[in-house]
Amino acid sequence: MTTGNRLLLRGGIVLTMDADLGDYERADVLIEDGRIASVGMDLVADGVTVVECEGKIVLPGFVNSHHHMFQTALRSYWSDALDSDYFLQSRFGADGLFHQYTPEDVYWGEFGGALENLAAGTTTVVDTSQCSYTPEHTDAALDGIRRSGIRCVFSFSPCFGDHEPSPSYAHPEDIHRLQQTVATGDGDLVRMALGYHVDEDLFQLAKELQLPVFAHVNDVNWGRALEEFETQGLLGPWITYIHCLGLEDSAWRVIERTGGKVSVSAVAEQSLAMGRPALQAALDHGIAVSFGTDAVSIAPVDFFSQMRAAYVLQRSGIPPMVDEASEAMSPVSTRDILRMATLGGAQAAHLDHLVGSLTPGKRADVIVLNARTLNAGPINHAPGAIVQLMDTSNVDTVIVDGWMVKRGGRLVGVDVEDVLEHLHRSAAGIVRRSGTADVLLTGCRQR
C-alpha cells in the first residue's frame, strides 16, 4: 500500500451516494487522515498527492455483504452444481472438500480472495467463515484478511457436516477469544460478528455481546422461527438475513418490523437453482437490500456481475403492459442498484456510519473507474455505464481507509504470480486429499 494520508482525487464524475450531497458532473474529493475531508469543485489543498480523475468516475467502494473467501482455491469447482451437489460435496462424506483444508489453505484462500475483491473495486467484505475446524484455521483466516488491507466484518460461523470440530473447539465459544484480538476504532479494518442460521442461542449470545449477526434463512421453517424469536426480543437491526429464499409474508413482516437487513446473492442463488432471489420481496417490504456473492467456487464475486444480474432479475418480473400490477412493482433504476452495492451493503454490514458514501467525516473507502474505454465511453449516464457496461477492467484506483491499494489498474505491492502459485498448490492438495482429482476437468461429481 502507498502512503495516502492526504489525497486529492481531481476532476472526476463524482457519485457520492449521499442524498444531501448529490452527484457532480465534475468535482474533487479530498482525503485526509483516512477520512473524506471534502467533496466539491476546484478544491485547493497543499502537500497532497493528486490523482487525476478526468474521464473517470469516483464513487464509494462496493460492499460485499456475504462471501466465503476461504474457498478461493476452489474457483469454479461447482460451476455446474445444484445446491445439493454443493452442500454434499463440500461438507459431507469422507471426501468432503472443506474437511481437507489446512490452516495454510485457509490463509491463502482468504488472502487471495481479499485481493480479488480489492482488484475488482470491493473495499469491504462480510466474510462468512465456515472453515474454523481449529483455532489455527480461524487465526489463519484473520491473518490473510489483515495482510490484504481490505475492510472486513469477520462473521465467525460454525463448521458442519460429517467432520465437525471437537467439543473443545466448537462454535460459538471462541468468539470470546477472537473479540480480544480485534479492535473497534474507526480506523480498524477488521471487526467481529457471529454467523449461522436462525438459532435462538446464537441470537441470545450476539445480543449479550452486542455483536452483529449474519444468519442464513433459506426455508419456510426458519422463517416461521423468526416470529417466535421476535416475541422473545431476540431480533433487531443488528441482524442481516442471508438469501431469504422461500420465506412466507409473515416472516418478511418480522424482518421489516425489527429493522433487519437482507443480503441477496443473485448470481450464486440462480446458478445453484436455489429459487428466485428474494430481491423483490425485500423491496416490497421496504427492507434495506445489499448484494453478496457467496463463493467463487460457484459464481463470480465481482460486483459488476452482481449488479447486472440483480438489475435484469428485478425487471424480468415486471409485466410488459402497464397495469395495477406493474405499477405496484416499479422497475429499479441503475442508480438504485448502485446504491444497494455501496450504501446498502454498508448498512447490511452494519458499517454505514463509517463507509458506503462519500460523506465528509466517513472513512475514505473510494474507487475510481476508468470511463475512457471502449466499453464505457462516452459517458452519457454514469450509473448506467457502471451497472450495465463496465467490468473489472475499468477499476483504475482503489482506496481503503485513505490508502491506495490499487493504482493505475494494478494492485500496489502485491506479487500476483506468487499468490496464484500458492492458490494452485492449495487447490491441488485439497482435491488430492479428497480423492476426487479426476473431476478437475469435467466439473463437479455427478450425483
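Remarks
- When 416, 355 are checked against the criterion of being within 29 Å of residue 188 (Cβ to Cβ) and out of contact with any Lys or Arg (no Cβ under 7 Å at 6 or more places or on another chain), a single residue qualifies: 416.
- Top-ranked residue of segment 245-266 - restricted to ones that are of a type outside the set (Ser, Thr, Tyr) and within 16 Å of the chain's Cα centre (by Cα), ranked as most open to solvent (accessible area, probe 1.4 Å): 261
- Of the residues making up segment 226-239, just one is in a helix (DSSP H, G or I) and open to solvent by less than 10 Å² (accessible area, probe 1.4 Å), namely 226.
- Members of segment 176-227 that are out of contact with any strand residue (DSSP E or B) (no Cβ under 8 Å at 6 or more places or on another chain) and of a type in the set (Val, Ile, Thr): 181, 220
- Annotation note: of 88, 74, the sole residue that is aliphatic (A, V, I, L, M) and open to solvent by 10 Å² or more (accessible area, probe 1.4 Å) is 88.
- Hey, residue 242 at pLDDT 95 or above, outside any helix (DSSP H, G or I), crowded, with 17+ Cβ neighbours inside 10 Å and under 22 Å from the mean Cα position of the chain (by Cα) or not: yes
- Check on residue 23, surrounded by fewer than 24 Cβ atoms within 10 Å (Cβ to Cβ), under 28 Å from residue 306 (Cα atoms), in contact with a Leu (Cβ under 6 Å, 6 or more places away or on another chain) and at pLDDT below 95: no
- Qualifying residue in segment 314-335 (condition: open to solvent by 10 Å² or more (accessible area, probe 1.4 Å) and under 18 Å from residue 128 (Cα atoms)): no
- Tabulated pairs, segment 377-388, first without any contact (Cβ under 8 Å) to a residue 24 or more places away in the chain and farther than 19 Å from residue 120 by Cα, second part of a loop (DSSP other than H, G, I, E, B) and open to solvent by less than 40 Å² (accessible area, probe 1.4 Å), C-beta under 9 angstrom, 6+ apart or interchain: 378/371
- Residue 80 of a type in the set (D, E, K, R), open to solvent by less than 10 Å² (accessible area, probe 1.4 Å) and out of contact with any Lys or Arg (no Cβ under 6 Å at 6 or more places or on another chain): no
- Residue-level check: of (1) modelled with pLDDT under 95; (2) open to solvent by 10 Å² or more (accessible area, probe 1.4 Å); (3) not acidic (Asp, Glu), residue 436 misses just (2).
- Flag: residue 52 matches the condition of being in contact with a strand residue (DSSP E or B) (Cβ under 8 Å, 6 or more places away or on another chain), open to solvent by 50 Å² or more (accessible area, probe 1.4 Å), under 19 Å from residue 398 (Cα atoms) and not hydroxyl-bearing (Ser, Thr, Tyr).
- Looking across segment 113-138 at every residue that is over 23 Å from residue 413 (Cβ atoms) and not hydroxyl-bearing (Ser, Thr, Tyr), the one that is modelled with the highest pLDDT is identified as 126.
- Residues within segment 189-225 that are under 18 Å from residue 129 (Cβ atoms) and either touching a residue at least 60 places away in the same chain (Cβ under 8 Å) or assigned to a loop (DSSP other than H, G, I, E, B) (or both), tallied: 8
- Segment 358-381: number of residues that are under 20 Å from residue 310 (Cβ atoms) and crowded, with 24+ Cβ neighbours inside 10 Å: 2
- Considering residues of segment 92-113 that are open to solvent by 10 Å² or more (accessible area, probe 1.4 Å) and among the charged types (D, E, K, R) only, the residue farthest from residue 160 (Cα to Cα): 104
- In segment 394-408, the residues that are surrounded by 14 or more Cβ atoms within 10 Å (Cβ to Cβ) and of a type outside the set (A, V, I, L, M): 394, 396, 397, 401, 402, 403, 406, 407
- Any chance residue 65 is within 17 Å of residue 357 (Cα to Cα), touching a Phe, Trp or Tyr at 6+ places or on another chain (Cβ under 7 Å) and of a type in the set (Ser, Thr, Tyr): yes
The values are calculated or read from the model by the stated rules, or taken from the named source; none is laboratory data. Here the structure is a predicted model, which means the values were calculated and not measured. Cβ atoms come from the backbone with ideal geometry, glycine included; neighbour counts cover every protein chain shown. When the accessible area is computed, the model is the full protein with side chains, heavy atoms only, and any ligands, DNA or RNA have been set aside. Shrake-Rupley method; radii C 1.70, N 1.55, O 1.52, S 1.80 Å.
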